[in-house]
Each structure stands twice: as C-alpha cells, then as structure tokens.
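Following: one structure in structure tokens, then a few remarks.
The values are calculated or read from the model by the stated rules, or taken from the named source; none is laboratory data. The structure presented is a predicted model; accordingly, all values stated were derived computationally and were not measured. For neighbour counting, all protein chains shown are included, and Cβ atoms are generated from backbone atoms with ideal geometry for every residue, glycine included. Just the protein is used for accessible areas: all its heavy atoms, side chains included, with ligands, DNA and RNA removed. Shrake-Rupley method; radii C 1.70, N 1.55, O 1.52, S 1.80 Å.
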Amino acid sequence: MRQETALAILKTGQNVFLTGSAGTGKTYVLNQYIKYLKDRGIGVAVTASTGIAATHMNGQTIHSWCGMGVKNSIHQVNLPKLAETKYIKKNIEKASVLIIDEISMLHKNQLEMVDEILMYIRGTVEPFGGLQVVLSGDFFQLPPVTKNEETNREKFAFMAKSWVQAQFQVCYLTEQYRQTENELTTLLNEIRAGEVSESSISLLDEAVYNRFKQDPTKLYTHNFDVDRLNQRELESLAGEEEVFVARSKGNDGLIEMLKKSVLAPENLCLKENAKVMFVRNKHDQGYMNGTMGIVTGFSDETGTPVVQLNDGKEIITEEEVWSVEDESGKTLASYIQIPLRLAWAITVHKSQGMTLDEAEIDLNKTFEAGQGYVALSRLKSFNGLRLLGYNEVALEVDGLAMKADKRFQELSDEAESRIDQTDVARRHLQFLKRVGGLSDPKEIERYARRQEAKTQKLSTQEQTRRYFEDGLSLKQIAKERGLTTGTIISHLVSLKTDGVELDYDRLKPSLKGADELTEAVEALKKRGKEEDFLENGLVKSKVLYDYLNGKYSYEKINLFKLFQ
C-alpha cells in the first residue's frame, strides 16, 4: 500500500495497524497524520512502547500516558484510584486519537491493560474507550523484553483479545525509501519470508572484506561490548576532554523517561577527533538520525562541537530539545542537549529507527530472532556493510511473526481494494464532525493563528485581540484562554483605549438597556462629574456601577463602555 492510501484510511477515523518492512516510511505517515489532527484541533495522544521510540515523535511511553507503569496486569480494584489521578484522567478524556508506535515491543497483556483503563475512565464498553487507535510497527523487529520465559505467542500484541475486538484496518506499506531495489532489499525480504538464498549467503560472507575510507560505526548485540569500545577509543585521543551537560525542566517522572530514552547522553564527553553520530533528524541542517562525523574542534562563538561529516561538510552543532507534549501541544517535560553520541560503537537495540550509510556489524553473539534483521535493515546496500560474522540465530525471524505478516499483507490488499474515493472523502468529514475537528479551510487557518499566539510571548491583550479578529464570541474566547468573559471585555476596552481599531460593533446585538445607560451617563455629566470620565469619554465603571445601584453587572458595564 502507498503512503497516500494509508493516510486516506487513517483520516476516516477507523482503528488502524500501520506496518511494513524497515524503511517504508511508517514514522513519516504517522507524523503526517499527527499534523493533520493537530491542525484541526483534534486531541491526539502520541505514545510509543519504548522511550527511544517516543522521543523520536515528541511523545511519551504508553505506560506513563495511561498510568499502567511496568505492570503486566491490572486489577479492577485499582481502576478507581487510577481514574482519580488528575493528569491520567485528563490525558484520556481530552484525547480523540491514540497513537502507539513500535507496537512489536508492547506486551500483549499491556495492550489489554490500555484497553481496560480507557474503557473504565471514559465510561464505555467500546474498544479502547471509543478512541481511534493507531498502532504502528513491524513484528519482525525486536519483541517485548520480559523476565519470564514466554513464547512470542504469549507476548505479541496481535494475540490480545482487544486487538481482535478493535477490528484494526491493516495498512501494509510496500514502497521502500531506505533501500532501493538491490541485493540487500532481496536479503531482507528473504529473511522475512524465512527462505534466505545461497546467493544472499554468499554476499553476506563476502561482506567481511568490504573496506571504507573511514572506520564505520560498529553494531554489537550487547551493551558491554559497545561501552568498552567507546570509552577505550575516547581515552586514546590526545587533547582535553570537553563535557556538555544536558538541561531539563518539567515533570520529574517524564524527565527521567527522557534521560533514559534520548540517545544523546546526559553527560556528553568529547574530544577533538572523536567519532560521533547525530541522534536527531534535522534535514534542513544536513543531518539525520544516524549521520556520522568527526569532531574537528569547538566553535569560538557557541562553544559547541564542530563536526565534519563523512562527505566533507562541516556543521557547527546547536542544542536540540526533546520534549514530551500533551494532546494539545503543551510541553510537559523537556531535555536539552547537543544531538550527538560517541559512535565508534552502538547496540543493535538502540540503532532502531536509524539509517546508516556504513556499518561494521558483529552478529556472532546474536541471542534473539530479529536482531540480525534489525541490524542489517539499518543500511542502504551491501556496499555499506562489513559483517564480522553471524550465528544461526542472526538470520532468523519468529515463525508466528512470519505467519502473521503474510496475513497482514492479505488484509491490507483487501482494505485497499475496498477504497472508494468519494466514500472516503465523506467519511473524512464524518470523522471530523464526530470528534469536533475543524473542516473549513478558513477555520483551520484561524485556529493555526491562535495556536501560534499561544506559543509566542504576546501580551494578554494581544492574545485576546487575535481571537477576536478570528471571529470568536466572548464566551468562546474566554473558554479558549481559561479566563472570564469579564476579563476578555476588559482587554477589549484596553485595546480601544489604546486606539486599536476592531469590529467592536458586532457585540452590540447582545446589549440591553443601552439607552438607559446613555441617560445615566448624561445625568452624570450634568452633575459635573467630569473627573469621572476618561479623556476619550469612557465612563469609569465603578462610578457608573454605584450610580446604577447594582442594576448592571461589572461585566455588562464594561461591555457598555465599548460604545460610549
């Protein structure tokens, strides 16, 4: 299925399982859909099964979002207490769409727990509390990590009852964006099918002889090998060590999640000539997650590392912000650091989501089916691979995952064959209406202006002005800003006093008693109460309020003042 088709199905509001081999653009489609939802004012919860995956999307783990933590089951007696936790209740009630990325690493029992929690807090027996749920991932990637000896049949999320009940539409992406059609693509497809050919085996065996202009990043299956090599190589370099300490702010629990998940370490220790890897996508700056380089020095102006990429381009690095946001885009926690890590070596596990031009991979100690597939799929072609060795497990994938994948492809083909473009467009509008999303282009544009006003450091009156210019009523502005209508009116009075021209007249139809008020003003003038008037003729509210002996509210009098 093409990315455009998958996006069209997502917009209908159906529950969707978005899958496909590595490099087909699953994360790209998710980000496109997230933007679509946010642009239309729809609450979307962006989560993932692991912290690393969550930080790629400025989200949080599904475990923290719904409050289930690291447990594998939840008892009914615990649900009321969970529902009383303010931030969890707010998360679940304000969302209309829930996204869970890297679903292959979420345990079946935990998907069941998410379903139970959502149904209880939202007060409905609809699957997942009636939210649109979008799962994304590839079950040929690494499975959930558990302490118990469980089979993948007992772990995989697609074996959960809630998966069946939610009736997920499968969107199986097939266009390859990481690898072009080449021999490595053929090998990866063969691994997925469980039938690796002799010609692919020969290419793997020959890959040990590949040589590169610069020493490539090494991928190991165990943390011990990675940490030992990186530390040894850094200590062997001459020169003084520069340390960059990360900064963070926000919710303590979410900050800890970011610290554990972001690949840029809390204390980044570098020297000149250190081998580094960018751990953030920044296409406009010329790098992406996995781009390699060498530290050539430190900028005199910024003090940050200067990195020469393998293609010769030099980049003066800047701090990046990883954040966790709620469904409205508000930042709950942030982690600020230079987007680099030492890159003489990295684990296969942490390489998920990266694209590497070149790598030296050691699969001799592969201990789990799927590790070899993850490692090899980071590369674009055999030309970028030096394979030091592999064992029997390295080319294996789970048998159940293989069987399920074939079924997913069939279901995706069926979904694609049923698409009616006219019907899809109608269903898009139906979904927007159901979740209270914006559909009129002008409304979407005005909403974007208001969101921009929230993020900019504008005065409170200026924020009110933008809402008013967008045609919102007093009550709507007050609700959007979390203020009273009286406060909003006082902002408009201040703006008029400052000479700001707005369409104040559109508020006149709601005025009653204006003639009586005018008479009261004239009476005050005749009594010589000139000191009670501002220079532009606006009546001071307290004097008028006292004169009218409480007949009109402070809010109403403020509104009258706009028309004196």
Open item on the list: Under 8 Å for C-alpha pairs, at least 6 residues apart: give me the relative contact order for the range 432-505, rounded to a whole percent.
Closed with: 23
TODO: For the range 460-502, go through all pairs of different Cα atoms, get the mean of 1/r, take its inverse, and jot down that Kirkwood value in Å.
DONE: 10.0
Open item on the list: Quick check: from the Cα gyration tensor, does the range 1-135 come out rounded (a/c under 1.5), prolate or oblate?
Closed with: prolate
- [ ] Just the number, please: carbon plus sulfur as a percent of the accessible area of the range 12-146, 1.4 Å probe, no ligands or DNA/RNA counted.
- [x] 51
Task: Share of carbon and sulfur in the accessible heavy-atom surface of the range 231-349 [1.4 Å probe, %] - done: 43
- [ ] Take each of the peptides 185-196, 102-113, average the number of other beta-carbon atoms within 10 Å over its residues, and list them starting from the highest.
- [x] 102-113, 185-196
Open item on the list: Students often check this: by mean Cβ neighbours within 10 Å, which of 335-347, 388-400 ranks highest, and how do the rest follow?
Closed with: 335-347, 388-400
Open item on the list: Using amide H atoms built in the peptide plane, which far-off residues or other-chain residues are under 5 Å from residue 170 H to H?
Closed with: 17
Task: Dipole in debye (nearest 20) - the range 333-462, about Cα centre, beta carbon charges: Lys, Arg +1; Asp, Glu -1 - done: 740
- [ ] Under 13 Å from the Cβ of residue 124, count the other residues' Cβ atoms, weight Lys and Arg +1, Asp and Glu -1, and hand me the total.
- [x] -3
Task: residue 445 accessible area, 1.4 Å probe, all protein chains in place, Å² to nearest 10 - done: 120
TODO: Using a/c under 1.5 as the rounded threshold, could you call the range 280-320 rounded, prolate or oblate? The axes a ≥ b ≥ c are square roots of the C-alpha gyration tensor eigenvalues, and prolate needs a/b larger than b/c, oblate otherwise.
DONE: oblate
Task: Backbone HN-Hα couplings from phi across the range 24-41 [Karplus 6.51/-1.76/1.60, Hz, Gly and Pro as x] - done: 8, x, 4, 5, 4, 4, 4, 5, 5, 6, 4, 4, 4, 5, 5, 4, 9, x
Open item on the list: Probe radius 1.4 Å, ligands and nucleic acids ignored: give me the carbon and sulfur share of the accessible area of the range 371-411 as a rounded percent.
Closed with: 48
- [ ] Please work out whether the range 145-278 counts as rounded, prolate or oblate from its C-alpha gyration tensor, where a ≥ b ≥ c are the square roots of the eigenvalues and a/c under 1.5 means rounded, while otherwise a/b larger than b/c means prolate and anything else oblate?
- [x] oblate
Task: Hz values of 3J(HN,Hα) by residue in the range 346-353 - Karplus curve (6.51, -1.76, 1.60), Gly and Pro given as x - done: 8, 7, 4, 4, 7, 7, 4, x
